[in-house]
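Report on the structure given below.
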């Protein structure tokens, strides 16, 4: 029967249990329940504790405890994007529970189901299953109360995590959970509410974990105290992919507080009593390094090879005029504020790992392979992360921690320093773009966009092959590249892509390809408008295909007072983007009186993401993408000098700080009754394009190399 259900449908089966537990396992086998969450003591839930239904890939589990707590084990990771709050709002909406009564712990790595956090799809993929889950639980609770009070179920109502009768009698959900768990056929509808009845979804809401984060109650991997797990750091090669030739660890081992020194694939690890002891001992190591495979390669050669790898554009239509441009985008570090940390306890018969992961199932499988243990003997605990932007798709730190724990024969708490991650971690690939817009009789009749990107070669056997999650970094896109969704009515679209394979650790950086592809295209759209003697906003309005995209463009133009008079050296810029079943427009104002020190002074964004579950969270996401756009266009990039990353901290990796943030920021959320689309990565291309276009108009230049101060 399960195979006959659609992605959004599921039927709930009930059996006796001490608490009401409803599970929506998408893609799990109902007979084996292999996706079931383990309890705190490591023992799997009994079949009677889990109600397995449906064919979706999620495996959401909702439990109502006798203490009147609603617990939903989330198969996603919270890395600051607010997914726990969004899911809590979905549950509160359909269950009629108070947000304060809802807990959203993160699920451990499971055998089956979907635990991938990425692609801006968490809210959209969970929206249907989470609401259906809660609606089913609510129906069971109402039915349990009706039976207990001997009244018709249809006369009962729910609010504030309680069931109410017409005479005022009430009961907490928790007091009804035992009897509700036995109900197989609820007496009231299990359908979620229509959007017109929503009272929680769509209301700006403060994050449910805000107080915990501010007060320090929220726990990250670095906060964990795991029995006997000692602080650990790794000495890494001076060049990317370098290898240990020899190591003299006598001086390091002689220092106080040092427990072990072990060699791993990508360096030498020191296990010590404190991180202070560990860093001191790391400095005392005497290591001879073999240079990495890029030791004779620097930015100039990489950019030259990228330029040569861009496929040639075909012939333009006869009789057309051309607007042509080439763009270079640098490597960019993810640089999340919380550095990579992992705790590992690898024993002969089992392994247990704690870290923040967007891909815990892949990590579990790779750790099992590394340690030689069956997957069933490896347990991965997922913790919240202090930022990611795609960095935690890869699990380099967990792989290393497992290696070190196994070799040292003890639990370890591994921390990558900021310099470790910037110099040896993952980065957005450098790219080169060649674009040609052909126009005739006042309109674009053909648009060609060819690119080349650095691709990661997997010749070495270190962390480029371990923890890589290769699928997270897209291969060169298939032609045609320009505006894959047909964003503009630009006639014939064409394009191709090439690549330069290098042994550089790459990762999916927020918005992945779109952050460079669409940014470059939006710059060219402005230049085409200029060559045709048209206003950039008016030109876009006449060429955009989608009414929804036109609406967000109109919104920022009106709210940002597009076209207003500005002083010399100041200007406005605009750009749009459409992806993830959502769209966004961005208008910025820039002060470039000093072209070498520009400052974005104002940002106005408008987004249509379908139903915005938490508009306040969406505004925060858009604000973050605005800062990303400011950073990657104006100042933030990585240099490669003879096989080594030059930058090592925020002192020289120039990400926007508070003084670079816009003095004014506005986010306008367009009303919609559609199911949610994606939002987390949506704003990056529009923000970056708008910043570049504003700078070009303010300075009268045509920026081609990003970041501008590279």
**Fill in**
Taking first residues from the range 674-688 that are without any contact (Cβ under 8 Å) to a residue 24 or more places away in the chain and second residues anywhere that are surrounded by fewer than 24 Cβ atoms within 10 Å (Cβ to Cβ), the pairs with Cβ under 7 Å that are 6 or more apart or on different chains are none
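Given the criterion at pLDDT 95 or above and farther than 18 Å from residue 580 by Cβ, identify the matching residue among 690, 686, 667.
So the residue among 690, 686, 667 that is at pLDDT 95 or above and farther than 18 Å from residue 580 by Cβ is 690.
Kindly evaluate residue 571 against the criterion of being in the same structural domain as residue 670 (by TED's automatic domain parsing) and over 28 Å from residue 594 (Cβ atoms).
No; evaluated as a whole, the condition is false for this residue.
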**Item:** Single unsatisfied condition, residue 228 versus (1) touching a strand residue (DSSP E or B) at 6+ places or on another chain (Cβ under 6 Å); (2) within 19 Å of residue 409 (Cα to Cα); (3) surrounded by fewer than 12 Cβ atoms within 10 Å (Cβ to Cβ)
**Value:** (1)
**Asked** Are any of the residues in the range 309-317 within 33 Å of the chain's Cα centre (by Cα), buried (at least 19 other Cβ atoms within 10 Å of the Cβ) and either outside the structural domain of residue 410 (by TED's automatic domain parsing) or part of a strand (DSSP E or B) (or both)?
**Response** yes
**Asked** Where residues in the range 157-177 are touching a helix residue (DSSP H, G or I) at 6+ places or on another chain (Cβ under 8 Å) and part of a loop (DSSP other than H, G, I, E, B), which of them is nearest to residue 95 (Cα to Cα)?
**Response** 161
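Matching residues to (1) at pLDDT 95 or above; (2) within 30 Å of the chain's Cα centre (by Cα); (3) crowded, with 20+ Cβ neighbours inside 10 Å:
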| position | (1), (2), (3) |
| --- | --- |
| 81 | yes, yes, yes |
| 84 | yes, yes, yes |
| 87 | yes, yes, yes |
| 97 | yes, yes, yes |
| 111 | no, yes, no |
| 119 | no, yes, no |
| 149 | yes, no, no |
| 153 | yes, no, no |
| 165 | yes, no, no |
**Complete:** For the range 653-692, the count of residues that are closer than 30 Å to residue 204 by Cβ and in a helix (DSSP H, G or I) equals 12
**Asked** If you scan the range 347-391, which residues turn out to be over 23 Å from residue 425 (Cβ atoms) and assigned to a loop (DSSP other than H, G, I, E, B)?
**Response** 347, 348, 349, 350, 372, 373, 374
**Request:** Sort out which residues of the range 483-499 are on the phi < 0 side of the Ramachandran plot and surrounded by fewer than 22 Cβ atoms within 10 Å (Cβ to Cβ), and write them in order of number.
**Result:** 484, 485, 489, 492, 493, 494, 496, 498, 499
**Pick from the range 295-307, criterion in contact (Cβ under 8 Å) with a residue 60 or more places away in the chain and not in a loop (DSSP other than H, G, I, E, B), ranking: surrounded by the fewest Cβ atoms within 10 Å (Cβ to Cβ)** = 307
**Item:** Count of residues meeting criterion [in a loop (DSSP other than H, G, I, E, B), crowded, with 19+ Cβ neighbours inside 10 Å and in contact with a strand residue (DSSP E or B) (Cβ under 9 Å, 6 or more places away or on another chain)] in the range 203-223
**Value:** 1
**Request:** Scan 191, 203 and give me the residue that is at pLDDT 95 or above and under 19 Å from residue 98 (Cα atoms).
**Result:** 203
**Prompt:** Going by the structure shown, is residue 408 farther than 21 Å from residue 512 by Cβ and in the same structural domain as residue 655 (by TED's automatic domain parsing)?
**Reply:** no
**Selected residue (criterion: nearest to residue 298 (Cα to Cα)) from residues of the range 620-638 that are touching a residue at least 60 places away in the same chain (Cβ under 8 Å) and touching a strand residue (DSSP E or B) at 6+ places or on another chain (Cβ under 7 Å)** = 638
**Asked** Would you pick out the residues in the range 594-620 that are outside any loop (DSSP other than H, G, I, E, B) and buried (at least 24 other Cβ atoms within 10 Å of the Cβ)?
**Response** 600, 603, 604, 605, 606, 607, 608, 618
**Item:** Unmet criterion (only one of (1) free of Cβ contacts under 8 Å to residues at least 60 places away in the same chain; (2) in a strand (DSSP E or B)) for residue 563
**Value:** (2)
**Request:** Please enumerate the residues belonging to the range 631-646 that are surrounded by fewer than 23 Cβ atoms within 10 Å (Cβ to Cβ) and either outside the structural domain of residue 691 (by TED's automatic domain parsing) or closer than 18 Å to residue 659 by Cβ (or both).
**Result:** 635
**Which listed residue, of 135, 109, is touching a helix residue (DSSP H, G or I) at 6+ places or on another chain (Cβ under 7 Å), outside any helix (DSSP H, G or I) and not assigned by TED's automatic domain parsing to the domain that holds residue 675** = 109
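The values are calculated or read from the model by the stated rules, or taken from the named source; none is laboratory data. Note that the structure is a prediction, hence the values are computed from the model and not measured. Neighbour counts run over all protein chains shown; Cβ positions are idealised from the backbone, glycine included.
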